[in-house]
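First comes the structure, then the notes that go with it.
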Amino acid sequence: MAQMQFWDALRRAYDEEMARDPMVITMGEDVGVAGGTYKATFGLYDTYGEERVIDTPISEGSFMGIATGASMLGVRPVVEIMSVNFAWLAMDQLFNSAAKIRYMSGGQLKCPVVVRSPGGTAHQLAAQHSARMEKVFMGIAGLRVVTPSNPKQAYGMLKAAIRCDDPVFINEHEAMYAMQGEVPDGEYFHPLEGSEVARPGRDITLFGYNISVHWCLAAAEELSKQGIEAEVVDLFALNPLDRAGIKASVSKTHRAIIVEEAEAPVGVGSEVMAIINEECFWQLDAPPARVSAVNTPIPYAANLEKMVIPTSADVVSKVLEVLGRG
Amino acid sequence: MKTELRLKMLRDMLFARRFEEQCYQDYQVRKIGGFLHLYPGQEACAHGVMAAARPGQDYVITGYRDHVHALVCGVPAKEVMAELYGKATGSSGGFGGSMHIFDAARHFMGGYALVGGPFPLAAGLAMALKMQGKEEIAICFLGDAANNQGTFHETLNMASVWKLPVLFVCENNLYGIGTSIQRSTAELDQWKRAAPYNIPAAWANGQDIEAVHDAATVAVNHVRETRTPYFLELKTYRFRGHSMSDGGAYRTRDEVDEWRKKDPIELLLARMIEAGEVTQEQYEAWDEEIMSEIEDEIVPFAEESPEPDPADLTRYVFVENDPYVHGGPKGGA
């Protein structure tokens with residue numbers, strides 16, 4: 001196992017897949033000559049050339065469709081959308097074309113297109129560069145959604161997504177590209193469905209994904225000092241969600257909190273709560289709860305931005321409240 | 001143009017006309033559901049362009065008025081009709097309907113319901129053909145109203161910058177749903193709108209299939225030989241409404257009647273009778289043959305075919321048993 005930064009784990013996945021298969025290409029704003037906004041495509045332009053590492057004009061609504069069209073004939077495009085906020089412009093082609101072509105053609109065609117895009121709040125980027133949009137993508141039939149919480153997942157998910165025959169959206173985080181972590185030395189494909197127990201526990205389950213897994217782990221560490229053993233479940237796949245994994249953990253701990261960076265309405269937390277109700281309501285010892293962002297566009301001022309986004313301390317408080325110790 | 005080709009184009013257009021009229025009738029009695037967009041009036045466009053291309057080999061994509069484009073690419077008419085009837089034997093297995101005819105084997109890459117949506121998909125098909133060193137080209141048929149979407153401008157720009165082998169065919173029927181081009185569009189000549197993207201363009205009378213064929217021959221040859229895009233506008237008209245729910249309040253009866261005098265089938269027939277290439281009797285005999293094929297074979301096939309298997313309801317949402325969903329062929333680390 002080598003220590004690797006998140007961006008470099010992505011770059012390694014690209015490099016291995018592009019070396020293996022000449023039909024793997026990447027396209028997006030500044031992915032080529034400029035080396036990639038977060039360096040995930042750094043160096044690829046020099047190795048694979050402008051025909052396979054394609055700098056696009058700023059036209060998200062259409063380069064998403066061009067990638068989708070190419071994927072119908074066997075190309076394996078990886079589209080990088082510089083910020084998930086810009087992905088709104090690509091949604092028509094992603095939702096109306098990529099996610100539906102296989103179904104509405106009665107299974108004749110497939111669209112193995114991958115879209116990577118970072119969301120989340122990071123250092124006062126303000127309302128139009130801080131969206132957390134996973135809630136929008138995860139509700140679309142025909143579109144797989146995964147969200148890596150560490151470099152190993154980032155590497156293994158990108159490799160699996162490129163090889164998978166379905167369209168896959170990879171939800172990344174602007175503040176996580178420098179994160180260090182262990183990545184297997186050999187080739188590794190991370191599952192695109194399921195969940196992982198990131199820390200076992202018996203008293204309560206904390207469901208996190210992407211950056212909020214780390215808030216959950218920090219909270220669990222703190223709680224353990226108070227004799228509370230929280231289980232942290234990493235929901236790395238958001239569509240489909242891991243019903244069996246959610247049920248298994250809640251059936252063991254009998255209490256659950258969903259921790260998300262996004263605002264609460266119609267989100268990951270809402271959906272996980274619904275699954276808990278459907279799968280294991282009678283196993284519960286307390287009502288499930290959520291730790292979510294305040295429901296606002298993200299403000300610019302540092303103090304206000306900080307108020308909007310949850311912290312591990314908020315998770316600790318919510319756990320104590322659910323356990324009746326608050 | 002050779003008599004043989006003119007005869008084929010005449011018969012094929014007549015078949016398309018009768019097929020669409022059958023759809024109209026079957027929709028009235030609710031054997032066909034959803035929205036239905038019919039092609040009468042515009043037949044010379046699809047038939048004239050594809051007579052200059054390679055149907056079944058070149059990759060064709062279009063909007064929701066797609067039945068006839070599918071037929072021209074070689075999709076069996078009974079499979080198109082079965083699709084409209086929502087049957088398992090339909091060209092999309094009953095999963096698509098009128099607006100989503102697909103036939104991957106015949107390189108008919110689909111009808112799409114979002115106006116302007118196929119522009120980038122067509123450029124993507126062309127990108128794949130370029131990467132794979134294929135001889136085929138991509139052909140995108142859309143209406144004039146699609147040119148007011150952002151995808152038109154974005155895609156023409158990228159297709160030009162990246163030198164993609166794609167032919168954009170604009171069937172300008174003067175209306176975007178129920179709004180006249182004169183009330184919605186600053187430049188009435190659609191071919192002029194390709195110029196800012198350095199894409200060569202031309203226009204032809206979309207009611208005259210020989211004019212369409214001539215212009216399309218230049219267009220197709222340009223794309224096939226130079227492997228760069230081309231834009232062809234065909235000035236045409238639809239005799240029926242935008243869809244079956246169209247009340248027609250946006251245009252006058254006189255206007256429709258004027259255009260009906262420019263019926264592409266009548267125009268070619270008159271020319272061929274004058275040249276002694278066909279007689280009215282031969283033409284009427286064809287018409288009877290076509291009507292019996294539709295009534296005795298195509299419609300009964302659609303009627304008698306089974307509905308889609310309920311067990312297949314969720315089958316095509318995701319690819320089944322993809323090993324990479326579960327950690328790769330070895331089952332993950």
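The values are calculated or read from the model by the stated rules, or taken from the named source; none is laboratory data. A quick note: this is a predicted structure, and the numbers were derived from the prediction, not measured. Every residue, glycine as well, gets a Cβ built from its backbone with ideal geometry; the counts of neighbours run over all protein chains shown.
With the structure loaded, tell me whether residue A:211 is buried (at least 23 other Cβ atoms within 10 Å of the Cβ), under 22 Å from the mean Cα position of the chain (by Cα) and over 24 Å from residue B:317 (Cα atoms) or whether it fails that test. Yes.
Table: residues versus (1) surrounded by 18 or more Cβ atoms within 10 Å (Cβ to Cβ); (2) in a loop (DSSP other than H, G, I, E, B).
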site	(1), (2)
B:223	yes, no
B:234	yes, no
B:240	yes, yes
B:254	no, no
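Among the candidates B:216, B:275, B:270, B:285, the residue that is surrounded by 19 or more Cβ atoms within 10 Å (Cβ to Cβ) and closer than 29 Å to residue B:49 by Cα is uniquely B:216. Screening the candidates A:114, A:136 for the property of being surrounded by fewer than 24 Cβ atoms within 10 Å (Cβ to Cβ) and within 14 Å of the chain's Cα centre (by Cα) yields one hit, A:136. Looking only at segment A:96-105, residues that are without any contact (Cβ under 8 Å) to a residue 12 or more places away in the chain and surrounded by 24 or more Cβ atoms within 10 Å (Cβ to Cβ) come to 2 in all.
Selection within segment A:8-59: residues that are at the interface with chain B (Cβ under 9 Å from one of its Cβ atoms) and either β-branched (Val, Ile, Thr) or surrounded by 24 or more Cβ atoms within 10 Å (Cβ to Cβ) (or both). The member of this set that is nearest to residue B:147 (Cα to Cα) is A:56.
What number of residues within segment A:150-182 are touching a Leu at 6+ places or on another chain (Cβ under 9 Å) and outside any loop (DSSP other than H, G, I, E, B)? Total meeting the criteria: 12.
Looking for something under 18 Å from the mean Cα position of the chain (by Cα) and among the acidic types (Asp, Glu) - is there at least one such residue anywhere in segment B:212-226? The answer is no, given that none of the residues of segment B:212-226 is under 18 Å from the mean Cα position of the chain (by Cα) and among the acidic types (Asp, Glu). Only residues that are facing chain A (nearest Cβ under 9 Å) and polar (S, T, N, Q) were counted in segment B:154-166, giving 2.
Being within 14 Å of chain B (Cβ to nearest Cβ), under 30 Å from residue B:96 (Cα atoms), small (Gly, Ala, Ser) and touching a strand residue (DSSP E or B) at 6+ places or on another chain (Cβ under 7 Å), is that true of even one residue in segment A:125-144? The answer is no, given that none of the residues of segment A:125-144 is within 14 Å of chain B (Cβ to nearest Cβ), under 30 Å from residue B:96 (Cα atoms), small (Gly, Ala, Ser) and touching a strand residue (DSSP E or B) at 6+ places or on another chain (Cβ under 7 Å). When restricted to residues that are assigned to a loop (DSSP other than H, G, I, E, B) and under 14 Å from residue B:142 (Cβ atoms), segment B:162-176 contains 1.
When segment A:39-60 is limited to residues that are of a type in the set (A, V, I, L, M) and part of a loop (DSSP other than H, G, I, E, B), the one that is farthest from residue A:88 (Cα to Cα) turns out to be A:40. Summed over segment A:161-188, the residues that are farther than 18 Å from residue A:111 by Cα and either of a type in the set (A, V, I, L, M) or over 16 Å from the mean Cα position of the chain (by Cα) (or both) give a count of 13. Pick from B:311, B:270: which is at pLDDT 95 or above and under 20 Å from residue B:44 (Cβ atoms)? After applying the criteria, what remains is B:270.
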